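Novice: Here you go, one structure.
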Amino acid sequence: MAENRNIIVGLDGVPFGMIKDFTESGVMPNTSKLLNDSVLTPMYSTVPEISSVAWSSIITGANPAEHGIFGFIDLHPNSYKMRFPNFNDLRAATFWENCEGPSVIVNVPSTYPVRSMNGVHVSGFVSIDYEKSVYPESLVSTLKGLEYRLDVDSMLAHKSMDVFLDDLDRTVDARISSIQTFWDQCKWQNFMFVFTGTDRLMHFLWDAYDDKGHKYHRKFLEYFSKIDAAIGRIIDLSENSDSVILLSDHGFEKLDHDVFVSKILAEEGFLHFNPSEESSLQNIGPKTKAFALDPARIYLNRKDKYPCGSVEEKDANEILNQLEELFSSLEIDGRKVIKHIFKKEDVYEGPYFKDAPDLVLIGDTGFNLKATTAGKSRFGKGIFTGKHTYHDAFLAVKSKNRNISFDKQPSVIDAGKLIRSLTK
């Protein structure tokens, strides 16, 4: 059992530049004090740069091919039928499962449904059933008494931004109340909580951060000030010997264009659908060479792996080269669309390597990649004004018992390994 306690605070999606901005400009003074005593570094996310994969790597310290989570959506074996992986699909042990001492885990994405553990667990996005989101179940009444919400109702933003922001505030208020309750009433060695409303806020209102004259600029700053006050309260209650980790799972930036990867694959002859049927994965035709799963994971339609598989192993490299050439040359208005093209062997290693996508695309600045087959054109723009980034998550570590340093920019997997080492 670790000698000292560990506090892990997640700010979903907050980029390195923003945490620097808010701590230096006075928006987050308590966080600024914490960072003054911490090692702070930008951090790479996972490939792809989405919460389900990144948080799974953070809590396990494992590569996606070791823990088995490659995205929010996957396919049933030997099928094009989509499924939604959850905590039961995580194949690597979490840090709290490897620790003898008790833990409190609140609102970590992709940890639903909860399972028995030494301590308290309230799962995060995507949580469906309240009773399956809380361990032990006896705490359900406590949380409901605090008006605890499993998540923000993001659909409200499509109807009224004011109503959405009110829901965002009420959700984080209840989250903070639960954190205080568990801190006071539970015995723990590791205490982890994640604020996911940051991600929701930045998706819908990144432009309110960029534009000081924006109607919601002040509300944007106030939300982060509220989180900072909660961080300040926790730090005030912490002990000098406690290790504190503050981190995000990916970065964020302005969104200029949505890019519909499946539409491009179809137009270029890599993806075909059966005639007179809807353009969905379940209706893939036998001429298909490649298809995509969100956000931009590309899979070869391999023979003997998929029902309509047509790609033989001897042809795989040639098709992958064609796909790389296609996407590396993709432009809109003279701007390069794709920043990175990762082959599976470049980023994945572990027993579930066979389940990994053959290629993963990372969008260049301003380009948000989507695998949906519903796109009517290659490019579009929805209600979101902000998008995920791969290169600029952040990690801050304060630990009196360890000499923490980084020779190069770490990844969220490295952050997970650090957490495991601190919580042994």
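We did not get these values from a lab; they are worked out from the coordinates using the rules stated. All values reported here derive from a predicted model rather than from experimental measurement. Cβ: placed from backbone, ideal geometry, glycine included. Neighbour counts: every protein chain shown.
Novice: State yes or no: is ALA316 within 26 Å of GLU278 (Cα to Cα), more than 20 Å from the chain's Cα centre (by Cα) and not charged (D, E, K, R)?
Specialist: Against the criterion (within 26 Å of GLU278 (Cα to Cα), more than 20 Å from the chain's Cα centre (by Cα) and not charged (D, E, K, R)), ALA316 does not qualify.
Novice: Could I ask something else about it? What do you reckon, is LYS354 closer than 21 Å to THR46 by Cβ, free of Cβ contacts under 8 Å to residues at least 12 places away in the same chain and either in contact with a Lys or Arg (Cβ under 7 Å, 6 or more places away or on another chain) or surrounded by fewer than 14 Cβ atoms within 10 Å (Cβ to Cβ) (or both)?
Specialist: Against the criterion (closer than 21 Å to THR46 by Cβ, free of Cβ contacts under 8 Å to residues at least 12 places away in the same chain and either in contact with a Lys or Arg (Cβ under 7 Å, 6 or more places away or on another chain) or surrounded by fewer than 14 Cβ atoms within 10 Å (Cβ to Cβ) (or both)), LYS354 qualifies.
Novice: Go through the range 297-344 and count every residue that is part of a helix (DSSP H, G or I) and farther than 19 Å from ASP256 by Cα.
Specialist: 15
Novice: Only one of (1) in a loop (DSSP other than H, G, I, E, B); (2) closer than 30 Å to ASN6 by Cβ; (3) of a type in the set (Lys, Arg) fails for LYS376. Which number is that?
Specialist: The failed condition is (2).
Novice: For the range 359-406, name all the residues that are out of contact with any Lys or Arg (no Cβ under 8 Å at 6 or more places or on another chain), of a type in the set (Val, Ile, Thr) and under 19 Å from VAL337 (Cβ atoms).
Specialist: Within the range 359-406, THR372, THR389 qualify.
Novice: If you go through the range 381-405 one residue at a time, how many are exposed (fewer than 15 other Cβ atoms within 10 Å of the Cβ) and under 23 Å from the mean Cα position of the chain (by Cα)?
Specialist: Within the range 381-405, the subset exposed (fewer than 15 other Cβ atoms within 10 Å of the Cβ) is 381-383, 400-403, 405.
Filter again for under 23 Å from the mean Cα position of the chain (by Cα), leaving 381-383.
Total meeting the criteria: 3.
Novice: Identify all residues within the range 109-139 that are more than 24 Å from SER248 (Cα to Cα), hydrophobic (A, V, I, L, M, F, W, C) and either assigned to a loop (DSSP other than H, G, I, E, B) or touching a Gly at 6+ places or on another chain (Cβ under 8 Å) (or both); write none if there are none.
Specialist: Across the range 109-139, the qualifying residue is only MET117.
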